[in-house]
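The values are calculated or read from the model by the stated rules, or taken from the named source; none is laboratory data. Just so you know, these numbers come straight off a predicted model, no measurement behind them. In this analysis, Cβ positions are derived from the backbone assuming ideal geometry, glycine residues included, and neighbour counts consider all displayed protein chains.
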Amino acid sequence: MSDYILSFDQGTTSSRAIIFSASGGICGVGQHEFPQIFPQPGWVEHNPADIWQSTLQAARDAIENAGISAADIRVAGITNQRETTLIWDRNSGEPVHNAIVWQDRRTASFCQQLKQQHDGIEELISERTGLLLDPYFSATKVAWLLDGVEGVRARAENGELLFGTVDTYLLWHLTGGEVYATDATNASRTMLFNIHQQCWDEELLRLLNIPAAMLPEVKDSAADFGSIRADLLGHAIPIGGVAGDQQAALIGQACFEPGMAKSTYGTGCFVVMNTGAEAVRSNHRLLTTVAYRLGGEVTYAVEGSIFMAGATIQWIRDGLQLIRDASESESLAHQTGYENPVYMVPAFTGLGAPYWDPEARGAILGLSRDTGIKEIVTAGLQAVCYQTRDLLEAMREDGIRPENLRADGGMVANQWLVQFLADILGIPIACPKVTETTALGAAFLAGLQVGIYSSLAEVADLWQDDKSYQPAVDDDARARLYKGWRDAVERVRSAG
Ligand code: ADP
């Protein structure tokens, strides 16, 4: 048997599977997109069968593309879209409803109601779970399924139904219903998990009226998660690692020391910083979450996100039609340079951290007669970097100081952008050789479990940077550019 690792990466729009060598090299990839279901404005669902079938097919393709057989795979890991919520029958496996996706806002009014009915519930949730009372997380989605779908509550109270995030659902199917479990990172996104005591929180379960019997066992991120049934891929493969996607990216970027942070630039952007054994609470509505749990020891992280990162460039391409391809933004930015008088504030759905102004709307400021396409496109790229600085400023005010940043995601193909990021943050940025950091993180966890790697230090040694970017502008220029952004943001904030 060889030391290949199979990594499942079940995302929001597609399911992927990657075969890694023990040294973290990519040997084969499979990918299948699946439909997004939008039953009403603000509602987003996935068909559970699509999630499962696309995952299985991606794994079969990855094995074939790698030119290996399932018997060559030593262990498998799972990483997944977080918070997305499923409930299914423990005997038949039949889901009671489509999966309710993390983006789904159907429980917004329920969240408001909880705030009004239970004094101090926001504080309680923040203290126990590290999260905010928001429809984004699984808890209110579970409550909606229990009371919004006929018969579900009675069946749940009868012990017939199981709740799971996507990792749990995949584990259950991959093991033929043998394993009903999740890992601490995924549990920490449900808004039901006490991240300090590492258990489901009875008080929150009571407040949300969720039966404890329908919750999975919470394991370490590297643990014995059973085996993939032999008939599915042709050979039984042990499952040794599970983590939610952003935590997996932190692991794939080998950010194992407190102060190390990663930033993933895709459609949105997620900055996650390792804070070690200490769960740091933010005063700026950043999330406190489990980075990973190994050997029963919890490492915590602080997480902040930007709604519109690559999505800003998509809008410039598809909405404004100023460019035909996202990559054109790089040469236009080179022509414009840093001293761009134009600022774009892409507050299409409000402003996130540290402003938290859902009513704010976007603007392009500083226009003059000689403003052209290149200035507007450049302002879009710069906006992504300024927003990252906003997040890091919020972290700094909470006493958290990333010393450097490891960046990944589709946008880091743009070298101008990453250099501007280093300049505006004033810290070095490194981009990794293996850019599939999410899948790699799950592979690392699985490899740790079966002894392919003996320690995190050994994993950290495998991480290689492709290119590093040093801050190259002086402090005055950095401060001047950033002040221009803060002024622009002030002008789009809502009166409230
Ligand atoms: P996701 O996983 O969220 O679908 P990806 O990591 O694949 O996203 O990144 C794609 C995003 O990156 C798109 O929003 C696209 O606009 C942006 N993007 C891709 N290449 C570039 C580039 N060279 N310059 C700027 N943005 C880019």
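Some notes on this structure:
- Cβ-Cβ under 9 Å pairs, at least 6 apart or on other chains, region 10-21 side touching a residue at least 24 places away in the same chain (Cβ under 8 Å), far side acidic (Asp, Glu) and more than 13 Å from the ligand (Cβ to nearest atom): 10/167; 15/50; 17/61; 19/72
- Residue in region 45-60 that is touching a Pro at 6+ places or on another chain (Cβ under 6 Å) and either assigned by TED's automatic domain parsing to the domain that holds residue 186 or of a type in the set (Lys, Arg) (or both) present: yes
- Candidates 267, 288: the one that is in contact (Cβ under 8 Å) with a residue 12 or more places away in the chain, within 14 Å of the ligand (Cβ to nearest atom) and either in a strand (DSSP E or B) or buried (at least 17 other Cβ atoms within 10 Å of the Cβ) (or both) is 267.
- Scope region 429-469; condition touching a helix residue (DSSP H, G or I) at 6+ places or on another chain (Cβ under 6 Å) and assigned to a loop (DSSP other than H, G, I, E, B); matching residues: 434, 453
- Some residue of region 397-414 being surrounded by fewer than 18 Cβ atoms within 10 Å (Cβ to Cβ), more than 26 Å from residue 243 (Cβ to Cβ), among the charged types (D, E, K, R) and more than 16 Å from the ligand (Cβ to nearest atom): yes
- A single member of 300, 338, 343 is more than 30 Å from residue 196 (Cβ to Cβ), away from the ligand (no atom under 15 Å from the Cβ), surrounded by 21 or more Cβ atoms within 10 Å (Cβ to Cβ) and aromatic (Phe, Trp, Tyr), and it is 343.
- Selection within region 347-362 - at pLDDT below 80 and more than 17 Å from residue 270 (Cα to Cα): 358
- Options 24, 28; residue that is in a strand (DSSP E or B) and crowded, with 18+ Cβ neighbours inside 10 Å: 28
- Residue in region 311-320 that is of a type in the set (A, V, I, L, M, F, W, C), within 16 Å of the ligand (Cβ to nearest atom) and under 30 Å from residue 256 (Cβ atoms) present: no
- Residue count, region 1-35 (criterion: farther than 19 Å from residue 268 by Cβ and not hydrophobic (A, V, I, L, M, F, W, C)): 14
- Set side by side, the residues 274, 283 differ, and just one is touching a Pro at 6+ places or on another chain (Cβ under 6 Å) and away from the ligand (no atom under 16 Å from the Cβ), which is 274.
- If you go through region 31-66 and pick out every residue that is touching a Gly at 6+ places or on another chain (Cβ under 8 Å) and in a loop (DSSP other than H, G, I, E, B), you end up with 0.
- Entry remark, region 120-172: residues being of a type in the set (Gly, Ala, Ser), surrounded by fewer than 23 Cβ atoms within 10 Å (Cβ to Cβ) and either part of a strand (DSSP E or B) or in contact with a Pro (Cβ under 9 Å, 6 or more places away or on another chain) (or both) number 2 in total.
- Of all residues making up region 415-435, the number that are at pLDDT below 95 and either within 9 Å of the ligand (Cβ to nearest atom) or acidic (Asp, Glu) (or both): 1
- Checking each residue in region 247-264 for being in contact (Cβ under 8 Å) with a residue 60 or more places away in the chain and surrounded by fewer than 24 Cβ atoms within 10 Å (Cβ to Cβ) picks out 256, 259, 260.
- Pair list, Cβ < 7 Å and 6+ apart or interchain, from region 323-336 residues that are modelled with pLDDT of 95 or more to residues that are more than 10 Å from the ligand (Cβ to nearest atom) and of a type in the set (S, T, N, Q): 332/378; 333/378; 336/378
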